[in-house]
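Engineer: Take this structure first; my questions come after.
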Amino acid sequence: MANLSRGTLLGMILACVAALVLLVGTGAMIAMKGSRQTGDVATVSIGGPFVLTSQTGKKVSSDALKGSPFAVFFGFTHCPEVCPTTLWEMSEALKQLGPDAEKLRVFFISIDPTRDTPEVMAHYLQSFDDRITALTGTEEEIDTVGKAYRAYWKKIPTDDGDYTMDHTTSIYLMDSEGSFSGTITYQEDPKVRLEKLRRLIAKGTG
Ligand code: NI
């Protein structure tokens with residue numbers, strides 16, 4: 001009997017220990033999950049350093065942009081609609097900004113560097129405001145800048161054996177310190193778009 005009760009007691013203690021371990025373990029997991037989430041929120045940042053090549057073959061470094069706000073978006077010259085529309089709309093916005101446009105840089109970064117050489121981009125940009133700078137680079141350079149901006153893109157094969165690209169359509173607004181300041185969404189109301197750009201410029205020079 002004594003043996004049995006000792007066995008029962010031991011069993012109960014083991015069960016308690018197991019429950020405690022489970023509890024502590026679950027608690028730790030929740031705490032870890034919590035801290036990871038908090039960490040994510042604290043470290044979410046959009047933008048980062050880059051060195052890319054412009055349509056004229058010149059290196060453009062984000063370091064050299066310190067002090068002037070800029071708008072940047074990702075796309076590709078074979079884009080059937082979104083990119084030409086965005087480039088056209090930004091060209092219009094630059095015109096409407098008047099002299100203030102000189103205080104803003106606008107960048108179109110290719111996410112299709114295989115086809116978008118500086119020459120191809122130079123030719124493509126002739127249809128738009130010449131204050132817009134196109135940027136391209138190696139696959140690695142483009143991947144780095146895309147990740148920094150949390151931009152998405154995906155190669156989509158087409159029936160003719162070619163491909164198109166699905167991609168992020170937002171325009172990122174970066175202030176004079178290179179910090180993310182907001183976005184302009186695709187086909188945003190022209191008045192809102194202009195207001196956002198004016199605010200970005202005012203922030204950069206105020
Ligand atoms: Ni596009």
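Engineer: Please give the contour-minus-distance gain from LYS103 to TRP88: 0.36 nm per residue of separation, less the Cα-Cα distance, rounded to one decimal in nm.
Structural biologist: So the extension gain works out to 3.5 nm.
Engineer: Express the carbon and sulfur contribution to the solvent-accessible surface of the stretch 114-192 as a percent, rounded to the nearest whole number, probe 1.4 angstrom.
Structural biologist: Carbon and sulfur: 50 percent of the exposed surface of the stretch 114-192.
Engineer: So, one more: Under 27 Å Cα-Cα from LYS196, which lysines qualify once same-chain neighbours fewer than 8 residues away are excluded?
Structural biologist: Correct list for LYS196: LYS66, LYS95, LYS103, LYS147.
Engineer: Tell me which residues come under 5 Å, amide H to amide H, from LEU135 once H is placed; ignore anything under 5 positions away on its chain.
Structural biologist: Amide H neighbours of LEU135, under 5 Å, 5+ apart: PHE108, ILE109, SER110.
Engineer: DSSP loop chymotrypsin sites (Phe, Trp or Tyr not before Pro) in the stretch 134-174 with at most 16 other Cβ atoms within 10 Å of their Cβ, which ones?
Structural biologist: TYR152
Engineer: Can I ask one more? Please say if the stretch 60-203 is rounded, prolate or oblate, where rounded means a/c under 1.5 for a ≥ b ≥ c the square roots of the C-alpha gyration tensor eigenvalues, and otherwise the choice is prolate for a/b larger than b/c and oblate otherwise?
Structural biologist: prolate
Engineer: Additional query: 5 Å is the cut-off here: which amide hydrogens, built 1.01 Å from N in the peptide plane, fall below it relative to THR164, excluding neighbours closer than 5 in sequence?
Structural biologist: ILE156, THR158
Engineer: Ok, one more. What whole-number value in Å² describes the accessible area per residue of the stretch 83-152 for a 1.4 Å probe?
Structural biologist: Here the residues of the stretch 83-152 average 46 Å² of exposed surface.
Engineer: Now for a separate question. Under 5 Å between amide hydrogens, which residues at least 5 positions from ASP116 or on another chain qualify, with H placed 1.01 Å from N in the peptide plane?
Structural biologist: Under 5 Å from the amide H of ASP116: no residue qualifies.
The values are calculated or read from the model by the stated rules, or taken from the named source; none is laboratory data. The model shown is predicted, which means the values in this text are computed figures rather than measured ones. Please note: Cβ atoms are built from the backbone with ideal geometry, for glycine as well, and neighbour counts cover all protein chains shown. Calculation scope for accessible area: heavy atoms of the full protein, side chains included, ligands and nucleic acids excluded. Shrake-Rupley method; radii C 1.70, N 1.55, O 1.52, S 1.80 Å.
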